[in-house]
Amino acid sequence: MVRWGILGSGWVVQNSFGPAMKSLSSGTIGMIGSRLGSRNGLARDLQVRAGTYEDVLDDSTIDAVYIALPNHLHEEWTVKALAAGKHVLAEKPLGLDAESVARMIESARAHNRYLWEAFAFPFREQMRMVQEILDEGAIGAVCHLQSVFYSSIADPNNIRWDATMGGGALYDVGCYPVHWAGYLLGEAHQARAFMVERRGVDVEVNGQVAFAGGTTLQFLAGLNRPYETSGQVLGTRGRLVLTNPYHPTPGDTIRVITPEGTREWAAAQGDMTFVRMVEQINATIMGDQPPRHLAAESALRTAQTLALLRQSSAVIHRI
């Protein structure tokens, strides 16, 4: 069994990682570290010990650490956790630039530890099915990806509205279509983004990315609208439509639409968002399964594409 420590006590710990861990027999939460007084209440809820970030890293019984801190703290505490001999699952985006991500990946190699970026969707059954459908040539050669990811952050004090902490729509929700496209299409060559800003933070992003062979991604992402997510893969013979490419629920579907007709599958089997990811990570740490979706395979590519979008961005409106 893998013993986990957690750095952070926010929404994702309470609603995603914590419930996923409680549903699995392959791992357990040993300790929560936080700067906030809320750590004690959360620790009681999860029936684990509470302490500081340093307490978690100093605990020799902890095998792996989940880092659920604001974006600007990911590198510091990921490197410290790896140096302390812990495997690390760090929230997305792993770093705020490609150089930061490269340093974390190198630290994982130097300390012979595993490092993952906490995108759960590549581990889920939907992505296996999508890859299988595309490999079969059901929609022909892939030409273009489209995606939408909106979320509503009403609290003006939320860290996502703080540019100094790595806030903004591109890093918070725009990273999903960028990571998805990299997973399917590989390394980006060019990118451009149009942004709407509020108080120096991108509220909405319209991004365009070009990949090898002329394939492209177009996405909309924002923090100012009701929750919405979708994705399409356009091919030479048809298209694949996902009602929820990133966090599928039992009501979501995968559809393949071609001149011959439409086929449809259920996108999810009822598992919680983090379950398959944590289950696979636990198995890898225990030596039962080879590693999948390591940060070394994808995080640098995602960071480089986000950097291209940021560097080429134009602010078209301020609110």
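A few remarks follow.
- Residue 147 being crowded, with 22+ Cβ neighbours inside 10 Å, of a type in the set (S, T, N, Q) and within 17 Å of the chain's Cα centre (by Cα): yes
- Only one of the numbered conditions (1) over 26 Å from residue 132 (Cα atoms); (2) touching a residue at least 40 places away in the same chain (Cβ under 8 Å); (3) surrounded by fewer than 19 Cβ atoms within 10 Å (Cβ to Cβ); (4) in contact with a Leu (Cβ under 6 Å, 6 or more places away or on another chain) is violated by residue 191, and that is (3).
- Residue in segment 194-211 that is surrounded by the most Cβ atoms within 10 Å (Cβ to Cβ), counting only those that are among the charged types (D, E, K, R) and modelled with pLDDT of 95 or more: 202
- Among the residues making up segment 285-303, a single one is over 15 Å from the mean Cα position of the chain (by Cα) and crowded, with 19+ Cβ neighbours inside 10 Å: 285.
- Residue 141 being touching a residue at least 12 places away in the same chain (Cβ under 8 Å) and over 22 Å from residue 247 (Cα atoms): yes
The values are calculated or read from the model by the stated rules, or taken from the named source; none is laboratory data. Here the structure is a predicted model, which means the values were calculated and not measured. Backbone-built Cβ (ideal geometry, glycine too); neighbour counts: all protein chains shown.
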